[in-house]
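J.: Here it is, the structure, as C-alpha cells.
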Amino acid sequence: MPTAVEPYRGTRTMVMRPFVPSVRSAKAGAERARRATGQVLIRPIFDRQLTLLESDLAPKARGFLGEFKRMTKVSKAVAPATSSRAAAKRELPEHFKAYKHVWVFVEQERGQVHPVSWELMGAGRRLADKLKVDLAAVVIGPEGEATRDAALESFCYGADLTYLVTDNVLLEYRNEAYTKALSELVNKYKPEILLLGATTLGRDLAGSVATTLLTGLTADCTALDVDADGSLAATRPTFGGSLLCTIYTLNYRPQMATVRPRVMPMPDRVVRDAARIIIHPLNLVEDDIVTKVLSFIPDRDSEISNLAYADIVVAGGLGLGSQENFHLVRQLAVLLGAEYGCSRPLVQRGWVTSDRQIGQTGKTIRPKLYIAAGISGAIQHRVGVEGADLIVAINTDKNAPIFDFAHIAIVKDAMQLLPALTAAFRARLLPLSRAQIAS
Ligand SMILES: Cc1cc2nc3c(=O)[nH]c(=O)nc-3n(C[C@H](O)[C@H](O)[C@H](O)COP(=O)(O)OP(=O)(O)OC[C@H]3O[C@@H](n4cnc5c(N)ncnc54)[C@H](O)[C@@H]3O)c2cc1C
C-alpha cells in the first residue's frame, strides 16, 4: 500500500461540494461554493464530505476511505502548501502565458462528424466570449471532401478559425497519428483550453494528448466555465455521483476537458462563409506508425440504440417488477417512434442490454419527451435525463425523488398505466407521422 501520493501534476486544485441538483445550475452552484469557501476551504470541505459519506458506507468502503484520507493527508504534507488558488496560480511559468484561445477537436470518423463536436463548439463559444479570445476548431482526417466539409461546417457552428491537418495516414483513427497531429498543433499554436468529446475516440485521444503535453485533463465534465481569474472551471461528478467537484488546471497549459455527448445543448447552425483555415502538415509516413488497421468491423449493436439523440425516450426501472413487464415500455416506445431505455439495476440483472442504460454511467439524453416508469430518480439517473424538455414520471410512491424534477408526476401503478397510455396514444396518434408526434 503506498504511503504517499504525489498530486497529479496538471490538476492542482479541487473544490468539492454536495451535488447541486440541476446540471444547468452547476455554474451558480460553483459560484455559491466559491463565495462560501472564499476559495480556501478546499480541505475542510473535503474532510466534511468524506465524513458525511462515511456514515452511509459499508465497513469495507469505510476502510478504503480511511486509507484514502490517510494517503491524501501524507500528500498534503509532502506537497508545497498553497493556501488558495490565487497563490497556486502565480506558479504558471512564463512560457505558458503565450497560450491563448479556445479549441474544440472536431471528431470525424468515416466521413461523419460526431454531433458532440458541435455541442462543444457551443460550449467553446461561451468560454471564448468570456475570455474575449477566438474559438478555433481542429479538424484532423484523411485528404478529401469529407474532411474539408467538416472544416467548413465548423464555421457554421461558430468557429473563428479552423486548424486543418489532412493526410491519408489519418484515414482510420489511430492513436499514434492523431496524438502527433493534435500535440504538434498545440505546441505550435498554443491554445489555453482544449475540449474533446468524451466518446470512445475522444477519450482515447484526450488521454494520450494530455500525457504527451504533460498537462491536466478533466474527463466527463458536466459543466464548463471560466472563473474570475480566467481559469477553466471544469465540473464533474465524483464519489459515485453524490458530489460535484470543480477542477482547475492552474499550472499547465492547455487546460483540457472532455464532455459526454448530449451534456451540452446543440447550438443553432448558422450558415456562414469559411473564415480562416490554417493548414498544418503532419510529416508522418505509414512506416512510422506501429498500429495497422487490417479491416473495419462495425459494432453489431452500434446502430441499435440511438438513445442519446432520440426525440422521445420511454424508460423503465425496477418498479416494473420483472423482465417480462419491460415489454410494456417497449410497446409504448414503438408506438411513439421512440427509443427505450432503463435504469442501471435492469442492466445489472440482465433484463435490458447495457447500451440502453440512462444516467451517469450510461447515456445522457436530451429528448423533447422523457417518460420514466417505475424509476425512483436516483441522482445517478437524474444527471442523465435533466436535459429533457418534458419529463413525465410514473411512480406509485408520491415521495419518489423523481417527482422533484419531473414536469408531470403521475402517482399510479406503471403496470396499469403503461398499457392504458399505449392504448390512448394508439387511438390518437396512429394517423400521424413520427415527426408530427415528436413535435
Ligand atoms: C457509481 C454509480 C453509478 C450509477 N449509475 C447509474 C446510471 O447510470 N443510471 C441509473 O439509472 N442508475 C445508476 N446508479 C444506480 C442508482 O443509484 C439507483 O440505484 C438506480 O437508478 C435505481 O434504479 P430504479 O429507480 O430502477 O430502482 P429503485 O430505486 O428501486 O426504484 C424503483 C421505483 O419504482 C417505484 N415503483 C415500485 N412499484 C411500482 C409500480 N408498480 N409502478 C410504478 N412505480 C413503482 C418505487 O416507488 C421506486 O421509486 C448508479 C449508482 C452508482 C453507485
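J.: Residue by residue through the range 400-410, which ³J(HN,Hα) values in whole Hz follow from phi under the Karplus form 6.51 cos²θ - 1.76 cosθ + 1.60 (θ = phi - 60°), with glycine and proline marked x?
T.: Once rounded to whole Hz, the list reads 4, x, 4, 6, 5, 10, 6, 7, 10, 10, 10.
J.: Show me the ranking of peptides 213-224, 321-332, 349-360 by mean Cβ neighbours inside 10 Å, starting with the highest. Intermediate values should be presented prior to the final figure.
T.: Numbers: 213-224: 21.4, 321-332: 16.8, 349-360: 19.1.
Descending mean neighbour count gives 213-224, 349-360, 321-332.
J.: Here is a further query. Using just the C-alpha positions of the range 104-233 as equal point scatterers, what log10 of I(q)/I(0) does the Debye formula give at each q in 0.11, 0.21 1/Å?
T.: -0.34, -1.37
J.: Follow-up. Arrange V314, V104 by Cβ neighbour counts within 10 Å, fewest through most, would you?
T.: By the 10 Å Cβ count, ascending, the order reads V314, V104.
J.: A follow-up question, please. Could you please rank E94, E184, E172, E153, placing first whichever residue has the fewest other Cβ atoms within 10 Å of its Cβ?
T.: Fewest-to-most ranking of E94, E184, E172, E153: E94, E172, E184, E153.
J.: Give me the distance between the Cα centres of the range 165-203 and the range 337-377, rounded to whole Å.
T.: 32
J.: Report, in listed order, any pair from K190/K292; K130/K188; K97/K132; K132/K188; K97/K180; K368/K398 with a Cα-Cα distance greater than 26 Å.
T.: Table pairs above 26 Å Cα-Cα are K190/K292.
J.: With a/c under 1.5 counting as rounded, go ahead and sort the range 307-438 into rounded, prolate or oblate using the C-alpha gyration tensor (a ≥ b ≥ c being the square roots of the eigenvalues; past the cut-off, prolate if a/b is larger than b/c, else oblate).
T.: Rounded shape, in that the Cα axes give a/c under 1.5.
A short reminder: the numbers here are calculations on the coordinates, not readings from a lab. Values in this document were obtained by computation on a predicted structure and should not be read as measured data. A quick note on method: Cβ atoms are made from the backbone with ideal geometry, for glycine too, and the neighbour counts reach across all protein chains shown.
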